[in-house]
Amino acid sequence: MDAFTLHTGIAVPLDIPNCDTDQIIPARFLRKPVDDPQYPRFFLADLRFDTDGSEKDFILNEAPFRNASVIVADRNWGCGSSRENAVTAMLKNNVAVVIAPSFGDIHYNNCVKRGLLPVRLSAEECAELRDYLKRNPGTQLTADLDDQVVSGAGNLSYRFEISSSDKQRLLTGLDDVDLTLRYQGDIEAFEKRRETEFDWLS
Amino acid sequence: MGKTLFEKIWDAHVVAQSDDGQALLYIDRMLIHDLHYRRFDALRESGRKVRRPDLLFATPDHSTPTDITRIDQIEDPEMRSTVAGLERNAREFGVTHFPLSDPRHGIVHVVGPEQGITLPGIVHVCGDSHTSTHGALGCISFGIGASEVEHVLVTQTLWQQKPRTMRLNVDGQLGPQVGGKDVIIALIRKISAAGGAGYAIEYAGSAMQAMSMEGRMTVCNMTIEAGARFGIVAPDEETFRYVKGRPYAPSGDKWNTALARWRELPSDPDARFDREVSLDVSRLGPMVTWGNSPEEAVQIDEPIPNPADIDDPDRRAGLSAALEYMDLKAGQMLADVSVDKVFVGACTNSRIEDLRAAAAVAKGRKAQVPTLIVPGSGLVKAQAEAEGLDRIFEEAGMLWRQPGCSMCVAMNGDMLSPGERSASTSNRNFRGRQGPQSRTHLLSPAMAAAASVTGRFADVRELTLANLDQS
Ligand code: SF4
């Protein structure tokens, strides 16, 4: 995965509370290979497209927002299914940052594992940002992971919190498996202990 | 200070601790379903090895049509290659696999407990959010993403931030025809669909203790619908009775050792939880969701809420949008709303007790709308047939199908047509979950059967029930 340090891009406001991962990518696309050329269209498919494939009246189909790479969402973004394809669908649309008051726990982890920055701001701050973006379509927001700051909407600038382990993971872009394999000795020692402590399980 | 049940299991599984507070947890067992067969392909490409194939169990569920019994009968090439891909990879990597042709196959969250794969005191994961189900047995069990599945395949461990703990005290005696499904929907309504985010939830209290294992699994299943990844219930005699004799559970001397360990698991009396919530369920009635989030639910005898009564403008707008999507009106009674299809199944409610509850309503009556009854596993199916439940359903004009996820998720052929309304025992009423523009109402198996035989949302307490023992 690519390292994430800083990203600047057009931001789109999505006023959808509890936007679950079934919305982000409907289940019927989950078996598609990642290199499917249609993959970008799976993202929010039922909100963006009619059954005949034509575009619906939806903000992501409007001029400046088509190229958005930052999403400013509402509470509980990415709740529901654990499908990591939801992150894949966002990445295929060049989305690099999602800002929301709260996230589904599994989806949040999936974002971090794949190098997409999830930013938690307060509900008021998110509402303020969405409002600004609606009044100033095409605004570019910058998410700076080092400083943990989102800026670019006029004078608005927000600091966000992220755990140091998630931050490191994103900043280095290191593969988790490689990282863990450095703990090989600990894993072996644990397995040895486990043979006696959990002897009933073997 | 004492420890909670969750902390005891957690602490016993920490392999290492990172400087920044994450724990490397050992994973005792992992279940794998068809949608993750490509994780093995990824390993083949990277040249990495599966560390402990003996701790992995696979079975197809999401992509198995419910009207076939063999892979070569699956018409859709994508579904077929997914189910076949899991079988091929499980064999190549030496993973225990219950293929479509094996009566032990079925929905991962039904198969795991049924086979004794999930056990008290262990840490268990699966690449599926409803893995919280297995916590009903008194284990740490949680859903993970595809990258994490791969991580477990290679290292048998996962990096995790220790969650905060919440205890939900469910007290009181449940009334007739009210069970686990009603309890969990009521709890989600109380704490909201995001109320459990960041927490591990322990379900406690007299109503939980009195509940069957099936009921506890239903409750834990929908923990993720409250935003929490982990749900857990303290193991007790009911748990031990359920686990004993299952194929992958300990036996002989090991059983006695296990039992002694398991009895030490419940939270200590002086254990502290970060949050405690209580719900008295003695007056709880059957619950039905009306909106597009599981928190949007009413008791069958309550009207659908009116957005005008809500102060928060965001919530008001959300409510109105859900009413519009669901084609319902503020203040309407669900008893006046007709349904197009009924589904009894999914990892929430496809165990034997669920099928019995539906059959007790269906017996001697006729389905008024197309009704799909889908057992959670081949073994549940066989048991239901041994009890004659299949005949009750078929005589009522309902469809008795092969095990699988079926109409819970619109990706295996069973689904709603655009605009159709279902009464469904599944766990998600999200927009489009059961097909584009589908309208899903979640309820218990008894309530689903009542909807089937009346053609609308009916209060099952007003129907007389058959005594199945005399069937
Ligand atoms: S039955 Fe539904 S919720 Fe359960 S595992 Fe299958 S698709 Fe997921």
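Across peptide B:427-435, the average count of Cβ atoms from other chains found within 10 Å of a residue's Cβ is 5.
Once fully extended, how much extra length lies between B:Arg263 and B:Gln173, figured as 0.36 nm per residue of separation less the alpha-carbon to alpha-carbon distance?
Numbers: separation 90, 0.36 × 90 = 32.40 nm, distance 2.50 nm.
This chain segment gains 29.9 nm when fully extended.
Report note on the peptides A:60-72, A:92-104, B:434-446: ranked by the mean count of other C-beta atoms within 10 Å, highest first, their order is B:434-446, A:92-104, A:60-72.
Carbon and sulfur: what percent of region A:1-103's accessible surface (1.4 Å probe)? Intermediate results must be reported in sequence, preceding the final value.
Values: 1780 of 3700 Å².
Carbon plus sulfur share of accessible area: 48 percent.
Using Cα atoms only, what is the angle between the long axis of helix A:184-197 and the major principal axis of chain A, expressed in degrees (0 to 90) to the nearest 10? Compared with the principal axis, the helix lies near 60 degrees. Taking a point 7 Å out from the Cα of B:Arg91 in the direction of its Cβ, none of the residues of region B:370-403 has a backbone N less than 13 Å from it. Could you tell me which of rounded, prolate or oblate describes region B:359-432, using a ≥ b ≥ c as the square roots of the eigenvalues of the alpha-carbon gyration tensor, with rounded for a/c under 1.5 and, failing that, prolate when a/b is larger than b/c and oblate otherwise? It comes out oblate by the Cα gyration axes.
Calculated on the alpha-carbon coordinates, the convex hull of region B:95-148 measures out at 84 cubic angstrom per residue.
Taking a Cβ cut-off of under 14 Å around A:Asp46, the surrounding Lys, Arg, Asp and Glu residues balance to a net charge of +1, with basic ones at +1 and acidic ones at -1.
Less than 5 angstrom separates the built amide H of B:Ala458 from those of B:Ala451, all sequence-distant by 5 or more or on a different chain. Ranked by the mean number of other Cβ atoms within 10 Å per residue, highest first, peptides A:8-16, B:24-32 order as B:24-32, A:8-16. Accessible surface of chain B, 1.4 Å probe: 46 percent of it comes from carbon and sulfur atoms. Our estimate of slack between A:Asp131 and A:Thr172, defined as 0.36 nm per intervening residue step minus the Cα-Cα distance, is 11.4 nm. For a Förster distance of 22 Å, can you work out the FRET efficiency between the beta-carbons of B:Ala466 and B:Asp67, rounded to the nearest 0.05? Working from the Cβ atoms, E equals 0.20. With a sphere of radius 12 Å drawn around the Cβ of B:Val369, what net charge do the other residues whose Cβ falls strictly inside it have (Lys, Arg +1; Asp, Glu -1)? Around B:Val369, the charge tally is +2.
Within chain B, what's the longest run with no GluC sites (Glu not before Pro) in a DSSP loop and at most 12 other beta-carbon atoms within 10 Å? Give the range, please. Before the final figure, lay out each step's value.
Working: sites that count: B:Glu75, B:Glu264.
No qualifying site falls inside B:265-471, the longest such stretch.
How long are the three semi-axes of the equivalent ellipsoid for region A:136-187, computed from the Cα gyration tensor as the root of 5 times each eigenvalue, in whole Å, largest first?
On the way: eigenvalues 242, 24, 7 Å².
Whole-Å semi-axes of the equivalent ellipsoid: 35, 11, 6.
Among the protein heavy atoms, those of B:Lys363 account for about 70 Å² of accessible surface (1.4 Å probe, every chain in place).
Other chains near A:17-30: what is the mean number of their Cβ atoms within 10 Å of each residue's Cβ?
6
Cα centroids of region B:306-350 and region B:367-442: 20 Å apart.
Provide the packing ranking of B:187-196, A:18-27, i.e. peptides ordered by the mean count of other C-beta atoms within 10 Å per residue, highest first.
Descending mean neighbour count gives A:18-27, B:187-196.
Taking each residue as 0.36 nm, the span from B:Val14 to B:Glu395 lengthens on full extension beyond its C-alpha to C-alpha distance by 131.8 nm.
Send over a whole-number figure in Å² for the accessible area per residue of the protein assembly as shown, probe 1.4 Å.
Details: 24110 Å² over 673 residues.
Per-residue value: 36 Å².
Peptide B:124-137 has a mean of 2 when you count, residue by residue, the C-beta atoms of other protein chains within 10 Å of its C-beta.
How would region A:1-132 be classified by its alpha-carbon gyration tensor: rounded, prolate or oblate, with rounded meaning a/c under 1.5 and the a/b versus b/c comparison settling the rest? Working shown, then result.
Working: a/c = 1.41, a/b = 1.17, b/c = 1.21.
It comes out rounded by the Cα gyration axes.
For region B:152-180, a decrease in accessible area of 40 Å² or greater in the assembled protein chains relative to the isolated chain, with a 1.4 Å probe, applies to B:Thr155, B:Trp159. Interface area, chains A and B: about 5000 Å² of buried accessible surface, summed, with a 1.4 Å probe and ligands, DNA and RNA left out.
If Lys and Arg each add +1 and Asp and Glu each add -1, what is the summed charge of the other residues whose beta carbon sits under 12 Å from the beta carbon of B:Pro307?
-3
Sequence gap at least 6, Cα distance under 8 Å: using those rules, report the relative contact order of chain B to the nearest whole percent.
Values: 1137 pairs, mean separation 79.9, N = 471.
So the answer I get is 17 percent.
Computed from label points 7 Å out along Cα-Cβ, the spacing between A:Asp36 and A:Asp146 is 3.9 nm.
Do you know which residues of region B:231-258 lose at least 10 square angstrom of accessible area in the protein assembly compared with their chain on its own, with a 1.4 angstrom probe? By number: B:Pro250, B:Lys254, B:Thr257, B:Ala258.
The trypsin sites (Lys or Arg not before Pro) found in region B:230-313 that occupy coil by DSSP, while having at most 15 further C-beta atoms within 10 Å, are B:Lys244, B:Arg263, B:Arg272, B:Arg283. Once you reduce region B:3-70 and region B:142-161 to the center of their Cα atoms, the two points are 6 Å from each other. Phi-derived couplings, Karplus 6.51 cos²θ - 1.76 cosθ + 1.60 at θ = phi - 60°, listed residue by residue for region B:397-409: x, 9, 8, 9, 10, 7, x, x, 6, 6, 7, 5, 9 Hz, with x used for Gly and Pro.
Rounded to the nearest whole Hz, the Karplus-based 3J(HN,Hα) values (6.51 cos²θ - 1.76 cosθ + 1.60, θ = phi - 60°) of region B:147-162 follow the sequence 4, 5, 4, 4, 4, 5, 4, 8, 10, 6, 9, 8, 7, 9, 8, 5, with x at glycine and proline.
The values are calculated or read from the model by the stated rules, or taken from the named source; none is laboratory data. Being a predicted model, the structure only gives us computed values, none of them experimental. We place every Cβ from the backbone using ideal geometry, glycine too, and count neighbours over all the protein chains shown. Only protein heavy atoms, including side chains, enter the accessible area calculation; ligands, DNA and RNA are left aside. Shrake-Rupley method; radii C 1.70, N 1.55, O 1.52, S 1.80 Å.
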